[in-house]
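The values are calculated or read from the model by the stated rules, or taken from the named source; none is laboratory data. In this text, all values refer to a predicted model and were calculated from it rather than measured experimentally. In this analysis, Cβ positions are derived from the backbone assuming ideal geometry, glycine residues included, and neighbour counts consider all displayed protein chains. The area values use the complete protein model at the heavy-atom level, side chains included, leaving out ligands, DNA and RNA. Shrake-Rupley method; radii C 1.70, N 1.55, O 1.52, S 1.80 Å.
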Amino acid sequence: MALASHAFKVEHEWQKALESCSTNSDMAEAAASDARKKASEAMERVALLKQRLEAVWSPVHERNAMRLLRLCRANAGVYVKLGQHLSQLDYILPREYTRTLSAMLADAPQSSFEDVVATIQEELGAHPDVLFTEFEPKPIASASLAQVHLARDRTTGSKLAIKVQHRGLQETSRGDIDAVTLITHVAAWLFPESDFTWLADEIAPNLPRELDFEQEGRNCERCGRSFRRHGVGLLGGIPDIVVPEICWAKTSKRVLSMSFEPGAPITDLAALEEYKLSRGAVASLLSKCFCKQVYLDGFVHCDPHPANVLVRPHPSDPRRPQLVLLDHGLYKELDPEFRLRYSRLWKGMIFGEVL
């Protein structure tokens, strides 16, 4: 606390020096130089104190982040979803939390194969061996709400990705939401300066939508239609941004069957080098993708972490990137008035206009 108090005093001194330098336009050059020197010295002291504070707090944050990671993994379901969300809040939380919790983005707890088979039988009325010529027991990915298995369609022979909801999640989700709501409200009462009740407010209405895989399939198709009709780029009739094709004959509320779409996470720089794709071209395509959704469509993918945005060479030109958007369970619809105001806001900030 003493370090923090001293840091505040130093920053206050720095601010006063800056104000004295900028407000007195008739200040003599010698006085201005002295003020700048004091400001520079104050900045150096603040930087040093911040380093000392980080050295004190970093191990504490690391221990608590690991405890939170173990808690989320042990309780699974909604808690993993919450942990994944926290891992994206690098503008709020210390980096020890975001770095540690990000492990859940691609390595969430897995359901047993027996539970997967039972869910498929309950939803689709048959064992996976009857529905598919091949079905891999080991999932290729596991997330907070479901895991994905590779399979081969018995009718067409095409390679499929089968998303199977974790067993029992429908039954326990309501209680988990209530528990998270209680925890965040108690924490806000104890620590008013750290109010995270909005996390529970976000999860409560949206989780039931994410648990409906038929709705996810409809979202996926709507997104795909948008990029096919008015895409950000087409080559050889193939869009620069694609989504999986839904296999409705083998899809239900808790099982989603779709075409398998290969690719690497968009942050995998080694894969970009292997593909010989320009980082600038990939970044530009990603920006165009979400600008289109935000400003033109008003239908926005709300979970675009790296595991859900894949990149690969375009089928018509291997030097050109193609994006694959996965996990369409949660979307936000933006009304035209908001989109117009939001575009004006960004236009004003970029061009320095007064709105």
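Does the stretch 205-230 hold any residues that are of a type outside the set (A, V, I, L, M, F, W, C), touching a residue at least 24 places away in the same chain (Cβ under 8 Å) and under 30 Å from Ala281 (Cα atoms), and which are they? I'd like the intermediate steps shown before the answer.
From the stretch 205-230, those of a type outside the set (A, V, I, L, M, F, W, C) are 205-206, 208-210, 212, 214-219, 221-222, 224-226, 228-230; that's our starting set.
Next, from what is left, pick out any that are touching a residue at least 24 places away in the same chain (Cβ under 8 Å): 206, 208-210, 212, 214-217, 219, 221-222, 226, 230.
If the condition is that a residue be of a type outside the set (A, V, I, L, M, F, W, C), touching a residue at least 24 places away in the same chain (Cβ under 8 Å) and under 30 Å from Ala281 (Cα atoms), then Glu216, Gly217, Asn219, Glu221, Arg222, Ser226, His230 are the ones that fit.
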Original post:
Which helices (runs of 4 or more DSSP H) does the stretch 59-151 wholly contain that include 3 or more residues that are at pLDDT 90 or above and touching a Pro at 6+ places or on another chain (Cβ under 7 Å)?
Top reply: 113-124
**OP:** Within the stretch 159-176, track down each residue that is surrounded by fewer than 15 Cβ atoms within 10 Å (Cβ to Cβ) and modelled with pLDDT of 95 or more.
**Re:** Lys159
Original post:
Hey, among the residues in the stretch 177-212 that are under 20 Å from His328 (Cα atoms) and open to solvent by 80 Å² or more (accessible area, probe 1.4 Å), which one's modelled with the lowest pLDDT?
Top reply: Glu202
Original post:
Which of the residues that make up the stretch 91-147 are without any contact (Cβ under 8 Å) to a residue 24 or more places away in the chain and either on the phi > 0 side of the Ramachandran plot or touching a Leu at 6+ places or on another chain (Cβ under 7 Å) (or both)?
Top reply: Leu93, Thr98, Gly125, Glu136, Ile140
Subject >> Among the candidates Ile120, Ile140, residue that is of a type in the set (A, V, I, L, M, F, W, C), surrounded by fewer than 19 Cβ atoms within 10 Å (Cβ to Cβ) and touching a His at 6+ places or on another chain (Cβ under 8 Å) >> reply: Ile140
Original post:
Which condition breaks for Tyr79 when tested against (1) within 26 Å of Met258 (Cα to Cα); (2) open to solvent by 20 Å² or more (accessible area, probe 1.4 Å); (3) in contact (Cβ under 8 Å) with a residue 60 or more places away in the chain?
Top reply: (1)
